[in-house]
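The values are calculated or read from the model by the stated rules, or taken from the named source; none is laboratory data. Everything quoted here is computed from the prediction, not taken from an experiment. FYI the Cβ positions are ideal-geometry reconstructions off the backbone, even for glycines, and counts take in every protein chain you see. For accessibility, only protein heavy atoms count, side chains too; no ligands or nucleic acids. Shrake-Rupley method; radii C 1.70, N 1.55, O 1.52, S 1.80 Å.
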Amino acid sequence: QVQLIESGGGSVQPGGSLRLSCEVSGKFFSIGPMAWYRQFPRNQRELVAEITTAGGILYANSVKGRFDISRDNEKNIINLQMNSLKPEDSAVYYCNALINGGEIWGQGTQVTVSS
């Protein structure tokens with residue numbers, strides 16, 4: 001069974017930094033884009049950043065210039081470096097990947113930005 005294993009997250013003061021990682025666990029025969037989404041209370045999940053196998057990247061306007069997504073295709077890991085964090089970045093962050101033709105989600109990790 002293929003799973004997405006997330007790590008990182010936690011609490012930080014405004015202006016601080018956090019790094020999220022997501023690793024694919026299990027055997028698979030195809031993998032496509034991987035991404036980070038976030039979900040605020042009572043809201044739908046929104047795309048934060050996406051990266052393709054070729055390195056094509058898409059960011060939400062709200063995080064451009066502050067967040068950096070990267071990918072290691074050999075290890076099947078993506079990272080999200082989050083800098084200059086704001087209270088409005090507080091949310092549950094989910095890893096997402098297209099694997100074996102289907103969409104898979106991680107369990108989610110909480111990011112809290114507060115003074």
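For segment 6-49, which positions are within 13 Å of ASN79 (Cβ to Cβ) and open to solvent by 80 Å² or more (accessible area, probe 1.4 Å)?
ARG19, GLU23
Filter segment 63-90 down to the residues that are at positive phi and either of a type in the set (A, V, I, L, M, F, W, C) or out of contact with any Lys or Arg (no Cβ under 6 Å at 6 or more places or on another chain) (or both) and list them by number. Write out each step before concluding.
Initially, segment 63-90 is screened for residues at positive phi, giving 65, 76, 84.
If the condition is that a residue be at positive phi and either of a type in the set (A, V, I, L, M, F, W, C) or out of contact with any Lys or Arg (no Cβ under 6 Å at 6 or more places or on another chain) (or both), then GLY65, ASN76 are the ones that fit.
Quick check on my filter: what residues within segment 97-108 are in a strand (DSSP E or B), touching a residue at least 40 places away in the same chain (Cβ under 8 Å) and surrounded by fewer than 21 Cβ atoms within 10 Å (Cβ to Cβ)? Reasoning before the result, please.
From segment 97-108, those in a strand (DSSP E or B) are 97-99, 102-105; that's our starting set.
Then drop every residue that is not touching a residue at least 40 places away in the same chain (Cβ under 8 Å), which leaves 97-99, 104-105.
Scanning segment 97-108 gives LEU98, ILE99, ILE104, TRP105.
So PHE67 ticks every box in (1) touching a Phe, Trp or Tyr at 6+ places or on another chain (Cβ under 8 Å); (2) within 20 Å of GLY102 (Cα to Cα) but one. Which box is left unticked?
Failed condition: (2).
Please give the strands (runs of 3 or more DSSP E) falling wholly within segment 1-67 in which 2 or more residues are closer than 27 Å to SER115 by Cβ, in contact (Cβ under 8 Å) with a residue 24 or more places away in the chain and basic (Lys, Arg). Reasoning before the result, please.
Values: elements: 3-8, 10-12, 18-25, 31-39, 45-51, 57-59.
Fully inside segment 1-67 and qualifying: nothing.
Residue pairs, Cβ under 6 Å, 6 or more apart or interchain, first in segment 69-80 and within 20 Å of LEU18 (Cβ to Cβ) and part of a strand (DSSP E or B), second modelled with pLDDT of 95 or more and hydroxyl-bearing (Ser, Thr, Tyr). List them.
Taking only residues 6 or more apart or on different chains, the pairs are ASN79/SER21; ASN79/SER70.
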